[in-house]
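The values are calculated or read from the model by the stated rules, or taken from the named source; none is laboratory data. Here the structure is a predicted model, which means the values were calculated and not measured. Neighbour counts are summed over all protein chains in view; Cβ atoms, including those assigned to glycine, are modelled from backbone coordinates with ideal geometry.
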Amino acid sequence: MEKSSRIISQVYGYAICLVAVITFLISVTAFFNAVIDRSDPIHSGFTPAGSPSLTSYENYKLDVLKSYQKAEPKTGETAAFDEQTLKAMYEAARADKIATAQHTTKKALLISGIMIGLSLVLFFFHWRWMKRMGSQP
């Protein structure tokens, strides 16, 4: 009877260690992705199709004017945006993208860091427990 409980304990211990290793690997990947995204917030994350480019003001201006012309093809009018309005729109969109990326990466770094720490604690605690259990007669 004791032998079956010992086998169940070993299966439990090794299962926890395996789950901890998998969690560690996934969390490390997420952690490094967040570090990379934090270093270049303009290019980080998902950008919806059709949204204007924020890499430079000239690209933004071109995209906004193109989208305006697509939205109003029948009137034949050109976009009535002055330079100051376009520049203000670009700066606001760029600041929003950077703030969103910083928040997202800060959250990912925190959660991934906690998961890395928990997985390490679980792994080493259960590994030591398994070694102690294996050395007992």
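Side notes on the structure shown:
- Residues in segment 100-137 that are under 30 Å from HIS43 (Cα atoms) and polar (S, T, N, Q): THR100, GLN102, THR104, THR105, SER112.
- So LYS74, is it basic (Lys, Arg), modelled with pLDDT of 90 or more and exposed (fewer than 12 other Cβ atoms within 10 Å of the Cβ): no
- Top-ranked residue of segment 30-55 - restricted to ones that are assigned to a helix (DSSP H, G or I) and not hydrophobic (A, V, I, L, M, F, W, C), ranked as surrounded by the fewest Cβ atoms within 10 Å (Cβ to Cβ): SER39
- Segment 96-118: number of residues that are surrounded by fewer than 16 Cβ atoms within 10 Å (Cβ to Cβ) and aliphatic (A, V, I, L, M): 6
- Output for segment 6-29, where each listed residue is crowded, with 18+ Cβ neighbours inside 10 Å and either touching a Ser or Thr at 6+ places or on another chain (Cβ under 7 Å) or not in a helix (DSSP H, G or I) (or both): ALA20, PHE24, SER27
- A Cβ distance below 7 Å, combined with a sequence gap of six or more or placement on separate chains, defines the contacts here; from segment 93-112, residues that are assigned to a helix (DSSP H, G or I) reach residues that are loosely packed, with under 14 Cβ neighbours inside 10 Å in the pairs ALA101/GLY45; THR104/GLY45.
- Residue satisfying all of: in segment 1-35; free of Cβ contacts under 8 Å to residues at least 40 places away in the same chain and polar (S, T, N, Q); farthest from TRP129 (Cα to Cα) among these: THR29
- Qualifying residues in segment 128-137 (those that are in a helix (DSSP H, G or I) and exposed (fewer than 15 other Cβ atoms within 10 Å of the Cβ)) - the one farthest from the chain's Cα centre (by Cα): SER135
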